[in-house]
Amino acid sequence: MPVVVALGAFLMTLLGGWAAQRFTDRRHLILGLAGGLMLGVVGLDLLPEALEAADREIFGVPVALLCFVLGFLTAHLVERLLAVRRADHGMTDTVRAPQVGLTAAAALVLHSAMDGVAIGAAFQVDSGVAAAVAVAVVAHDFADGFNTYTITDLYGNQRHRALLMLAADAVAPVAGAASTLLFTLPEQFLGIYLGFFGGVLLYLATSDILPEAHHQHPARSTLACTVAGVAFIWLVVGLAS
């Protein structure tokens, strides 16, 4: 049953990726929506789960929040190092490194795999919990597919690479759900991972996705799409709680 439910996440991921590449003439709206979805996933989904899973503190600060800041700084450091390398080769800083997009997409794929693990683990606890988790995962995997294709393409990767990362993101929750038949992950590790990944996503949303969305089209419609993205994740989390 967990694998069957994960197939719903598979289809929703592909649907999100299709939407991202289908509406290229509304790129600013797509990026605005993607930024809102990423912000909503971080603030309303990942961080609360991370804080609950990793409940320890280090020097008065929750471990999940320390990992969140570490993830943000790591993403910033990687992008700055790549910018310096491009400058050494005579390239301008405005040219984005494809490796950053691929790395971010790979992190999204890993997150989707963890979604599948969450589905499988929920079925081991209670059918009611499993239903709530399944609704949340299947719904927000549309956002995962959307973001995976968008962020890979945004950083200058060729279309076949974006489609390859989208396919990997679609398969990941199925593989994650199937893996729960073999082993389970420690809850503390899950909280650390979610906090770190949330920091990476927030950096990408605020430093690249949203600025790019408003660069050539600083319209209210773009802002409305960002707000709609956050509201959608809020609705998904609320329905699943």
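The values are calculated or read from the model by the stated rules, or taken from the named source; none is laboratory data. Worth saying up front: this structure is predicted, and the values here are computed from it rather than measured. Note: ideal-geometry Cβ built from the backbone for every residue, glycine included; neighbour counts use all protein chains shown. Areas reflect the complete protein model, heavy atoms only, side chains present, ligands, DNA and RNA absent. Shrake-Rupley method; radii C 1.70, N 1.55, O 1.52, S 1.80 Å.
List of remarks:
- Restricting region 148-176 to residues that are more than 18 Å from the chain's Cα centre (by Cα) and part of a helix (DSSP H, G or I) leaves a set whose member that is nearest to P2 (Cα to Cα) is H160.
- A9 being part of a helix (DSSP H, G or I) and in contact with a Pro (Cβ under 6 Å, 6 or more places away or on another chain): yes
- Residue pairs meeting the criteria (Cβ under 7 Å; at least 6 apart or on separate chains; first under 19 Å from I151 (Cα atoms) and open to solvent by 30 Å² or more (accessible area, probe 1.4 Å), in region 1-20; second part of a helix (DSSP H, G or I) and at pLDDT below 80): M12/V138; M12/D141; M12/F142; L15/F142
- Set side by side, the residues V42, V61 differ, and just one is crowded, with 18+ Cβ neighbours inside 10 Å, at pLDDT 85 or above and either in contact with a strand residue (DSSP E or B) (Cβ under 6 Å, 6 or more places away or on another chain) or of a type in the set (V, I, T) (or both), which is V42.
- Qualifying residue in region 76-87 (condition: in contact with an Asp or Glu (Cβ under 8 Å, 6 or more places away or on another chain) and at pLDDT 80 or above): no
- Region 64-78, residues that are in contact (Cβ under 8 Å) with a residue 40 or more places away in the chain and either surrounded by fewer than 17 Cβ atoms within 10 Å (Cβ to Cβ) or closer than 15 Å to V237 by Cα (or both): V69, L70, L73, T74, H76
- Selected residue (criterion: modelled with the highest pLDDT) from residues of region 137-170 that are over 15 Å from G101 (Cβ atoms) and open to solvent by 20 Å² or more (accessible area, probe 1.4 Å): A167
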